[in-house]
Amino acid sequence: MEANYVPVYVMLPLDVISTDKQLQKPDELREMLKSLKSADVDGVMLDVWWGIVENEGPQMYDWSAYRALFQMIKEEGLALQAIMSFHQCGGNVGDIIYIPIPKWVREIGESNPDIFYTNFRGTRNEECLSLGVDNQPLFFGRTAIEMYHDYMKSFRENMADFLAAGLIKDIEVGLGPAGEMRYPSYPETQGWAFPGIGEFQCYDKYLQEDFKEAADEAGHPEWKMPGEDAGEYNDRPESTKFFKTNGTYLTEEGKFFLTWYSSKLIVHADQILDKANLVFLGCKVKLAAKVAGIHWWYFHPSHAAELTSGYYNPTDRDGYRPIARMLSRHYAILNFTCVEMRNSEQPEEAKSGPEELVQQVLSAGWREGILVACENALVRYDKYAYNQILKNTRPNGINKCGPPKLRLFGMTYLRLSDELLKEDNFSLFKIFVKKMHADLNYLPNSDKYFAPIEPMARSKAEIPIEELLEATKPEEPYPFDSETDMPVDAGGSSLFGTIFSVFGKIKSVFIK
């Protein structure tokens, strides 16, 4: 049964470390960590903000506040997932504070705004650096990838004792806005609202030059990037020439652009993860990368919102398995979002398919032989969300005789707050944690129950992009059960569970 135990982590508040490098409300935070521990939560996840640590100048790192926080987490007996957050906090769903990328980097952007992602109309996005500058020595002689490498190297050197003690279980490497491996195609700060299709973000001069070179090499110098025909942030697919049924995305020129656009994202992630692997070589940690759950317009043939985000995943192509194959060379975990969502909760007009999307992406990871983890995308405290997560965690249920056929490596819950710790919410959350643990007691040693975390080995040889793209042939996803066999409201497992189940049935009558 222990092989069915899936650890649960909880994201810490975004502002647990202030922009002036202070640990916020330490006494209150410690009490909150104690509450998590009392619920048998396995650990916490934490953004380690580039804009806080290296804000004063190039390679001027200050880790003191994070060291204090890591020590507190260790003292409370919790494990840690650390995010190398090379992006801005602010401008995405759920962001309640503002932590920009380092000041000195933004100052470079004042004289060279092309270091930032740019849409067709020339609007810049300062959430993170464009992947177009990954290998451009624009930052006092360093490239963007060299900056990310140096930051992670300093993290390893300054957190060596916590790494050696086994506190840090995985390092999630930020690869774009919100830490996700995607383009910032749907920024609320620029007026995007759900379920808009978003916009391509490849019009800085570096990416434009790269595309022109690629088109020339392909023998089509006349090919251009999409323009006004791709619409604006809040358009629908059918209102555009590019994304509409039988639109430009199906032409030879459209397919060339989309292949280039999505491949640049994969190469971007591959290069940064290769540097991360070098930095943490020999440490008993796993690398991880987060892929965003762009579930709206999933049932439109173009999958328009995925295309603008960099996931080339129309009806006749698998846009996620090449990502999983790239991650396999780094032994990295694929961390996916929106696992709490059900189709029935989405507006019909959005043609949204979170359930099918989750099934597709998790299947892509498992087919490529990598570990897969998940997060909820929105704050939820209800049994419907918890049961959906549990279903996706073990899609074919418990196996009492060993590892289940399919299972997630771990789950990270969004997010620690006073609201979560309110009596009713926390009572149900504790039941959820117990069910994630397959009704077992807390297991402190993760090496004993599923996939032991070994000292990090060197990444395998680089996989040519052509070989990665061979994985785009669509296959049927693995079958998922319609419901979890470990629901939080199972047969009166607790008085609260019974009451909540009855309330849910009453609520469902009114919903119908």
Within the stretch 137-169, residues touching a residue at least 40 places away in the same chain (Cβ under 8 Å) and not in a helix (DSSP H, G or I) come out as Phe139, Phe140, Arg142, Met159, Ala165, Gly166, Leu167, Ile168, Lys169
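Given the criterion in contact with a strand residue (DSSP E or B) (Cβ under 8 Å, 6 or more places away or on another chain) and over 20 Å from Tyr331 (Cα atoms), identify the matching residue among Arg415, Arg394.
Unique residue meeting the criteria: Arg415.
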Condition set of a type in the set (Phe, Trp, Tyr) and closer than 15 Å to Asn399 by Cβ, scope the stretch 428-456, selection nearest to the chain's Cα centre (by Cα): answer is Phe450
Of (1) modelled with pLDDT under 95; (2) under 30 Å from Leu78 (Cα atoms); (3) not charged (D, E, K, R), Thr189 fails just (2)
### Query
Do we have Glu222 as free of Cβ contacts under 8 Å to residues at least 60 places away in the same chain and in a helix (DSSP H, G or I) here?
no
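Please count how many residues of the stretch 464-504 are surrounded by 10 or more Cβ atoms within 10 Å (Cβ to Cβ), at pLDDT below 50 and at negative phi. Working first, answer last.
Here is the first cut: in the stretch 464-504, the ones surrounded by 10 or more Cβ atoms within 10 Å (Cβ to Cβ) are 465, 467-475, 477-481, 483-490, 492-494, 496-504.
Restricting the remaining residues to those that are at pLDDT below 50 gives 492-494, 496-504.
Okay, now just the ones that are also at negative phi, so 493-494, 496-504.
Residues flagged as surrounded by 10 or more Cβ atoms within 10 Å (Cβ to Cβ), at pLDDT below 50 and at negative phi within the stretch 464-504 amount to 11.
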Would you mind stating whether Phe120 is surrounded by 23 or more Cβ atoms within 10 Å (Cβ to Cβ), among the aromatic types (Phe, Trp, Tyr) and in contact (Cβ under 8 Å) with a residue 24 or more places away in the chain? no
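Filter the stretch 281-309 down to the residues that are more than 26 Å from Pro354 (Cα to Cα) and either in a helix (DSSP H, G or I) or in contact with a helix residue (DSSP H, G or I) (Cβ under 6 Å, 6 or more places away or on another chain) (or both) and list them by number.
Cys283
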The residue from Ile389, Ile323 that alone is under 30 Å from Asp418 (Cβ atoms) and buried (at least 23 other Cβ atoms within 10 Å of the Cβ) is Ile389
Residues in the stretch 347-357 that are over 15 Å from His303 (Cβ atoms) and either part of a loop (DSSP other than H, G, I, E, B) or touching an Asp or Glu at 6+ places or on another chain (Cβ under 8 Å) (or both) total 1
Those residues of the stretch 123-136 that are part of a helix (DSSP H, G or I) and small (Gly, Ala, Ser) come to a total of 1
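The values are calculated or read from the model by the stated rules, or taken from the named source; none is laboratory data. Given the structure is predicted, the values throughout are model-derived calculations rather than measurements. Glycine also receives a Cβ, built like all others from the backbone with ideal geometry; neighbour counts cover every protein chain displayed.
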